[in-house]
Amino acid sequence: MSELKERPARKDFIRILPGILISLAALVIIGMLVEWGEVLGALQQAHYSYLLLALPVYLAAYVFRALAWRTLLMEGASFKRVFLSMQTGYLLNNMLPFRLGEIGRAFLLGRGGLKFWRVFSTILIERAFDLILAAGLLLGTIPFVWGSTQSGPLAYGVVAAVMLGMVALHLLARYQAWVLDRYERLGERWPVVARVGRERLDAFFEGLAALVHLSRFLRVMGWMVLNWSTAVLYQYLSLIH
């Protein structure tokens, strides 16, 4: 019995080991790059009462985002796994160029049976929500900023482009049988295409399922709005002098 109990614990440790090693490596690199004199000077000037108040707000922001991502994943993974994979991905984004941490978190969560391409498609949707909310925030704050008349058209353009992308993804998810049929016909002409892409395409469509169900779509939007609201509040509390 003791051996049976040890095996799941050993598997869990092996599963989280890459994240631990990545975190340790990141801490070492940061320790080598940081100017500790400037850090100590900033810490001496900080208002810790506001920072202490900002910490739970900061945590809440990431909890809301993890809930949004888990909803996109159709609750296919536990909240703990989703949250830890997301944090590891953000850590990688700080270390690697081109936001490669997004691929990293898709890989980490995909190892648990969800499949990389399914997870990756939900990350694309999550980032589309981010662009919509960022453009909305920009449009809402333009009246309070001088010299920002050129930002309006840019924000409207971002919203329009992202909405078109969301509609395209929705149509792909809704008419995936038609897309798969066309893909199979293409695979008949080029068998390599069928072997390489069919399984990945199926997994990708699984990740788009949240765009077909209106209630789930609205739940994701609600969690993302809460995430952005708490993130803005955290930034405000952090910048108070």
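For the reader, a short list of remarks on this structure follows.
- The residue pairs whose first member lies in the stretch 218-237 and is open to solvent by 70 Å² or more (accessible area, probe 1.4 Å), whose second member is assigned to a helix (DSSP H, G or I) and among the polar types (S, T, N, Q), and whose beta carbons are closer than 9 Å, counting only pairs six or more residues apart or on different chains, are Arg219/Thr71; Trp223/Thr71.
- Yes/no for Gln235 being closer than 19 Å to Leu124 by Cβ and either touching a Ser or Thr at 6+ places or on another chain (Cβ under 7 Å) or at pLDDT 80 or above (or both): no
- Arg118 more than 11 Å from the chain's Cα centre (by Cα) and either part of a helix (DSSP H, G or I) or acidic (Asp, Glu) (or both): yes
- Val179 closer than 30 Å to Leu138 by Cβ, open to solvent by less than 70 Å² (accessible area, probe 1.4 Å) and not small (Gly, Ala, Ser): no
- Candidate set from the stretch 99-130 (those that are aliphatic (A, V, I, L, M), without any contact (Cβ under 8 Å) to a residue 60 or more places away in the chain and out of contact with any Asp or Glu (no Cβ under 9 Å at 6 or more places or on another chain)); member that is surrounded by the fewest Cβ atoms within 10 Å (Cβ to Cβ): Leu100
- Condition check for Glu184: touching a helix residue (DSSP H, G or I) at 6+ places or on another chain (Cβ under 9 Å) and either over 26 Å from Glu126 (Cα atoms) or exposed (fewer than 15 other Cβ atoms within 10 Å of the Cβ) (or both): yes
The values are calculated or read from the model by the stated rules, or taken from the named source; none is laboratory data. Keep in mind that this is a model prediction, so the values were computed, not measured. Reconstructed Cβ throughout: ideal geometry from the backbone, glycine too, with neighbour counts over all protein chains shown. To get the accessible areas, we keep the full protein, side chains included, count just its heavy atoms, and leave off ligands, DNA and RNA. Shrake-Rupley method; radii C 1.70, N 1.55, O 1.52, S 1.80 Å.
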